[in-house]
Structure formats: C-alpha cells, structure tokens
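Contents: one structure, followed by commentary.
Any read-out appearing in this document is the output of simple, stated calculations on the displayed coordinates, not a laboratory observation. What you see is a predicted model; the values in this text were computed from it and never measured. Neighbour counts are summed over all protein chains in view; Cβ atoms, including those assigned to glycine, are modelled from backbone coordinates with ideal geometry.
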Amino acid sequence: MARKPGTRAGGEFVLFNVIYEDGTQRSNRKVPAELLGGLDGDEPARAVIEAQDRDISAKSGMAPMKIKKIVRADAKEKAREGVKEWKLRAES
C-alpha cells in the first residue's frame, strides 16, 4: 500500500558533501543520523564515509582517496572558508 505524502521518516540520514585532497567532490553521501550530534559532533561521519569509500574501492579495484574535508550538504558556505551563510548575514 502506498504511503501518504509527508509520512516518510526524514531524520534517518544526514547528507554530507565530501571533498578529497585531489580537489574532487562527492555530494550527498548518506550517514545514519543516530551516529551524529553527540559530543563529537559530525566527526563520526568521517569514519562512516571512509568505510563507504573502502567498500567502493574494493569493488572498483581502485585505491581509496584521502578525505580533505566533510561538510553537511545543507550547510551553505560563502566566500570565507568555514563561515556559514547565516553568520555572514549577521556580521553585515
């Protein structure tokens, strides 16, 4: 039976954009939401994404790339590195 619109559980995963040391980016990598938000913040996401990369590289036969930076997909960054859009608006 089909579900009604809006009944999907939206809090199951958090999406991350991953930037690798060679400058390439992979968008919308899923990480289970229950692993995030503790004292470590988003740091557990790095371990999950690294494990995903190891699985992908094992299947493709290519070496995994080194991760430079992980950013939540919904966090809009502006001109200055690491400063969120809402902080830039507050400074103006």
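Observations on the model:
- In this simple spin-label approximation, residue 33 and residue 12 carry label points 7 Å from Cα along the Cα→Cβ vector, and these lie 1.1 nm apart.
- Electrostatic bookkeeping for residue 23 treats Lys and Arg as +1 and Asp and Glu as -1; over the other residues with beta carbon under 14 Å from its beta carbon, the sum is +2.
- Label-to-label distance, nm, for residues given as residue 21 and residue 50 (7 Å Cα→Cβ offset): 1.2
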